[in-house]
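S.K.: Below is one structure. I have some questions about it.
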Amino acid sequence: MVWREAKGKRQEARGILHRASCILHLAGCDSPQLDAELLLAHALGRERTWLLAHPEYPLTATEEERFAALLARRQAREPLAYILGHREFYGLDFIVDHRVLVPRPETEMLVEQALAWARRERPDSKGEGTRNALSPDPYGQVSDLPLLADVGTGSGCVAVALAAHLPQAVVYALDASADALAVAAANAARHGVAGRVQLLCGDLLEPLPERVDVIVANLPYVRRDELPTLPPEIRDYEPRAALDGGPEGLDWIGRLLAQAPAHLRPGGIILLEIGAAQGEAASGLARQRFPQAAVDVLPDYAGRDRVLRVQT
Ligand code: GLN
């Protein structure tokens with residue numbers, strides 16, 4: 001084992017962490033110290049905070065071996081989320097493995113925008129701008145049951161976060177990959193929304209049994225010729241089918257926009273994650289399919305084009 005100093009002697013967490021973080025740094029990892037801490041905590045079955053409070057903890061041989069195996073995976077640039085088996089997204093913890101894309105912080109924008117729309121801007125809230133369209137009406141009945149579709153749901157992070165924050169909503173979670181839907185099912189169950197997250201396998205919007213108010217999607221949008229230039233974590237480990245957007249990166253987004261008019265309720269909204277360079281092209285596709293709609297592109301926190309919004 002690479003970081004081992006003296007065979008047979010129980011080593012302290014501190015020293016192991018130091019060497020592990022050097023190894024990850026040399027391997028080109030972005031946050032070697034944090035990764036090392038999270039991996040060691042995982043190997044010990046502890047929280048990272050416990051580990052930081054017990055730097056002198058002497059590892060057993062078994063723990064050391066367990067950690068070595070995890071470290072080797074990260075050294076080979078496997079995404080940390082796959083090794084740990086989970087990732088936080090929109091305040092919820094999601095099961096993640098090689099069958100699905102790792103949830104990204106910028107994708108939280110889709111959830112924010114869909115929630116903002118569902119809470120304030122429902123067209124049938126009849127001008128009562130402040131009314132929460134999702135709250136029960138005075139007679140105790142649920143009004144305006146919103147229907148949402150998350151296309152290319154992957155781990156289900158967007159669909160589950162939406163269902164968790166919209167207790168009256170039904171969310172269709174669609175994916176072409178049955179493998180991905182198995183992960184989404186586990187996540188829906190884990191967060192207690194399995195009854196309101198309907199999993200459907202098929203091509204984009206085709207499996208939808210009814211029209212919806214909100215379509216959100218983080219579809220593959222990487223230009224095919226850019227795939228080889230992506231960091232190894234993405235290029236070598238994440239599902240190609242979740243990344244490859246075709247020659248211009250817009251194959252899936254274009255097809256979704258072509259299908260959408262037949263699946264959206266009047267007054268509905270579409271929110272699509274796009275690449276930083278795709279704002280103009282994606283807007284053009286949207287205007288072609290929805291000539292009457294308000295189309296705009298929202299920037300992420302880094303100021304890059306990130307979400308295409310089509311309000312019909
Ligand atoms: N944001 C991803 C990346 O960093 C791309 C995800 C996608 O294609 N939907 O490459």
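S.K.: Quick check on this structure: which one of 64, 106, 112, 88 is within 16 Å of the ligand (Cβ to nearest atom), outside any loop (DSSP other than H, G, I, E, B), at pLDDT 95 or above and not β-branched (Val, Ile, Thr)?
M.R.: So the residue among 64, 106, 112, 88 that is within 16 Å of the ligand (Cβ to nearest atom), outside any loop (DSSP other than H, G, I, E, B), at pLDDT 95 or above and not β-branched (Val, Ile, Thr) is 106.
S.K.: Right, here's the next one. Could you tell me which of the residues 120, 46, 131 is touching a helix residue (DSSP H, G or I) at 6+ places or on another chain (Cβ under 9 Å), at pLDDT below 95 and surrounded by fewer than 19 Cβ atoms within 10 Å (Cβ to Cβ)?
M.R.: 131
Every residue, every condition in (1) in contact (Cβ under 8 Å) with a residue 24 or more places away in the chain; (2) buried (at least 19 other Cβ atoms within 10 Å of the Cβ); (3) over 22 Å from residue 98 (Cα atoms), yes or no:
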| position | (1), (2), (3) |
| --- | --- |
| 35 | yes, yes, no |
| 59 | yes, yes, yes |
| 67 | yes, yes, no |
| 78 | yes, no, no |
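S.K.: Something else now. Which of the residues belonging to the stretch 12-61 are in a loop (DSSP other than H, G, I, E, B) and within 19 Å of residue 83 (Cβ to Cβ)? Outline the logic, then answer.
M.R.: Narrowing the stretch 12-61 to residues in a loop (DSSP other than H, G, I, E, B): 27-31, 45-47, 54-57, 59-60.
Answer for the stretch 12-61, where residues must be in a loop (DSSP other than H, G, I, E, B) and within 19 Å of residue 83 (Cβ to Cβ): 27, 28, 29, 30, 31, 45, 46, 47, 59.
S.K.: Quick check: anything in the stretch 266-280 in contact (Cβ under 8 Å) with a residue 12 or more places away in the chain, in a helix (DSSP H, G or I) and in contact with an Asp or Glu (Cβ under 7 Å, 6 or more places away or on another chain)?
M.R.: There is at least one residue in the stretch 266-280 that is in contact (Cβ under 8 Å) with a residue 12 or more places away in the chain, in a helix (DSSP H, G or I) and in contact with an Asp or Glu (Cβ under 7 Å, 6 or more places away or on another chain).
S.K.: Within the stretch 201-238, work out how many residues are in a loop (DSSP other than H, G, I, E, B), buried (at least 16 other Cβ atoms within 10 Å of the Cβ) and near the ligand (Cβ under 9 Å from one of its atoms).
M.R.: 5
S.K.: May I pose another question? Give me a count of the residues in the stretch 284-306 that are surrounded by 13 or more Cβ atoms within 10 Å (Cβ to Cβ) and in contact (Cβ under 8 Å) with a residue 40 or more places away in the chain.
M.R.: Selection size over the stretch 284-306: 3.
S.K.: So, one more: Go through (1) more than 14 Å from residue 217 (Cβ to Cβ); (2) acidic (Asp, Glu); (3) within 11 Å of the ligand (Cβ to nearest atom) one by one and return the number of the condition residue 248 breaks.
M.R.: With (1) more than 14 Å from residue 217 (Cβ to Cβ); (2) acidic (Asp, Glu); (3) within 11 Å of the ligand (Cβ to nearest atom) applied to residue 248, the lone miss is (3).
S.K.: Can I ask one more? Please state which of the following conditions residue 259 fails to meet, knowing it meets all the rest: (1) free of Cβ contacts under 8 Å to residues at least 40 places away in the same chain; (2) under 30 Å from residue 98 (Cα atoms).
M.R.: Going through the list (1) free of Cβ contacts under 8 Å to residues at least 40 places away in the same chain; (2) under 30 Å from residue 98 (Cα atoms), residue 259 breaks only (1).
S.K.: Name every residue in the stretch 256-278 that is within 15 Å of the ligand (Cβ to nearest atom) and either more than 12 Å from residue 221 (Cα to Cα) or hydrophobic (A, V, I, L, M, F, W, C) (or both), in order of residue number.
M.R.: Hits for the stretch 256-278 are 256, 271, 272, 274, 276, 277.
S.K.: Has the stretch 222-233 got any residue that is modelled with pLDDT of 95 or more, more than 18 Å from residue 103 (Cα to Cα) and under 18 Å from the mean Cα position of the chain (by Cα)?
M.R.: Scanning the stretch 222-233, I find no residue that is modelled with pLDDT of 95 or more, more than 18 Å from residue 103 (Cα to Cα) and under 18 Å from the mean Cα position of the chain (by Cα), so the answer is no.
The values are calculated or read from the model by the stated rules, or taken from the named source; none is laboratory data. Quantities reported herein were computed from a predicted structural model and do not represent experimental measurements. Here the Cβ is made from the backbone with ideal geometry for all residues, glycine too, and neighbour counts use every protein chain on show.
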